[in-house]
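Report on the following structure.
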Amino acid sequence: QVQLVESGGGLVQAGGSLRLSCAASGRTFSGYRMGWFRQALGKEREFVAAIMTSGLRYYADSVKGRFTISRDNAKNTVYLQMNSLKPEDTAVYYCAASLSGDYDNPNRYNYWGQGTQVTVSS
């Protein structure tokens with residue numbers, strides 16, 4: 001089992017930046033694919049970014065060129081660097097881990113953090 005804790009969310013103006021962190025405890029997550037998802041108020045949870053065990057990265061079209069996902073296996077930590085933030089990025093951001101399955105499907109992730117709020121003002 002893996003326990004995940006997100007941090008780094010907050011309030012920022014449009015065009016600003018934030019870096020989210022996800023710290024894992026329990027089993028080493030080097031063998032897990034890691035993902036970031038977000039859920040805006042009243043909307044479904046959606047895929048943001050994922051990083052495979054190989055280091056291969058995937059992004060939602062809405063964040064390509066602005067967000068960067070990375071992982072530090074030695075520290076059991078995954079990051080999401082968010083630049084050029086837009087009001088439509090406002091959501092609760094969740095870190096998740098999975099051993100297999102589609103990287104962009106939240107139903108295929110086994111472990112989830114508690115979420116961290118990101119609010120981008122216009």
*Take the Cα coordinates of the chain, assign each an equal point scatterer, and use the Debye formula without solvent to give log10 I(q)/I(0) at q = 0.12, 0.18 Å⁻¹.*
-0.37, -0.86
_Positive minus negative residues near Tyr58 (Lys, Arg vs Asp, Glu; Cβ under 11 Å)_ = 0
*Please give every one of the aspartates and glutamates within straight-line cross-link reach of Lys75, meaning a C-alpha to C-alpha distance under 15 Å, and leave out same-chain neighbours fewer than 8 residues apart.*
Glu6
*Under 17 Å from Lys43, Cα to Cα: aspartates and glutamates that are on another chain or at least 8 residues apart*: Glu88, Asp89, Asp104
*Please report, in debye to the nearest 20, how large the charge dipole of the chain is about its Cα centre when each Lys and Arg carries +1 at its beta carbon and each Asp and Glu carries -1 there.*
240 debye
*Compute the relative contact order of the chain as a whole-number percentage, counting only Cα pairs closer than 8 Å that sit 6 or more residues apart in sequence.*
36 percent
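All other residues with a Cβ under 11 Å from the Cβ of Gln81 taken together, and with Lys, Arg as +1 and Asp, Glu as -1, what is their net charge?
+2
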*Assigned charges on the beta-carbon of Lys, Arg, Asp, Glu; region 11-64 dipole about Cα centre (debye)*: 120 debye
*Rank Ser100, Ser30, Val2 by how far each Cα sits towards the positive end of the charge dipole of the chain (+1 on Lys, Arg Cβ; -1 on Asp, Glu Cβ) and give me just the farthest.*
Ser30
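Give me the percent of DSSP beta bridges within the chain that run antiparallel, rounded to the nearest 5. Each step should come with its number before you reach the end.
On the way: 38 of 42 bridges.
Roughly 90 percent of the beta bridges in the chain run antiparallel, per DSSP.
Read-outs throughout are calculated quantities, based only on the coordinates presented, and are distinct from any laboratory measurement. It should be emphasised that the depicted structure is a prediction, and the values quoted were computed from it without experimental measurement. Using ideal geometry, Cβ is built from the backbone for each residue, glycine included, and neighbour counts are taken over all protein chains shown.
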